[in-house]
Amino acid sequence: MFGSQVTLVHVCDLASRNGFELYLRPPQEIAEEHWSIARTKLDSFLESEFRVDECPRILRSGEAAAEIADVARTGKFDLIVMPTHAGRFRQMLLGSTTAKVLNDADCMVMTTRHSETIMPSPLEHREWICAIGLSEDSERVLRLASRAAAQVGAKLSVIHAINGSPAAPPLSGDEEQIESAEKQKARRRLNDLLGAVGLQAAIHIAIGPVKQALVDAARRLGADALIIGRTPRSSGSGRMRDLTYGVVRDSPVPVLSV
């Protein structure tokens, strides 16, 4: 969709060995064999979809997330694409490698459900939605979302979730005015952000637990992708937050984390 060159990256574990192997051969010989096997598998992987002469293939060894983030950083890559998990318990746990990459990578990361568990959707994306939290980082997120959506010809809308209970009892008159004022304030801020970015987009404001509101909105609006912001590295405590973790894990559509 982006007209990009694709590089395939695989990280093998050279320290993985069993006691029987160690009994028969020295560790260095075992590691060399594991590397050779991984190299052969990587070079032959999806040859028709990713021709070797057009798509570089990088083999690393070590801790997977750290190596992936380092490849992206040193290679000045724009985007990492990876599944949310490597097993069948997706609703219970986000793969630790994916979580670490989301926390450590400097570039954008697109995650989606593992291809073995779903039927891949068509590439003709038309509806993208960007979740905006109205923080100091919101304009950066919106600019990146606008640029990415424009590159793939997608219609971009924005959503802001106000934390609350959508199934709460009816509000009194004063409470309704307070809630309405909060929504109006959010809408004004969103309009200001759209103006600063020079973007025209539909605005959606949801009320409810933030993660669930975003996931439900992506499903209800028929979004092809959901764009969310990650905390800038300058915060000093890492990028990964419970909200990011939950959205990436439970989203019914690919998530572009910027």
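The values are calculated or read from the model by the stated rules, or taken from the named source; none is laboratory data. Just so you know, these numbers come straight off a predicted model, no measurement behind them. Quick note on the areas: whole protein, heavy atoms, side chains included, nothing else; ligands and nucleic acids left out. Shrake-Rupley method; radii C 1.70, N 1.55, O 1.52, S 1.80 Å.
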For the subset of the range 29-84 comprising residues that are among the hydrophobic types (A, V, I, L, M, F, W, C) and assigned to a loop (DSSP other than H, G, I, E, B), which member is most open to solvent (accessible area, probe 1.4 Å)?
45
Those residues of the range 116-132 which are modelled with pLDDT of 90 or more and either of a type outside the set (D, E, K, R) or open to solvent by less than 60 Å² (accessible area, probe 1.4 Å) (or both) amount to 128, 129, 130, 131, 132
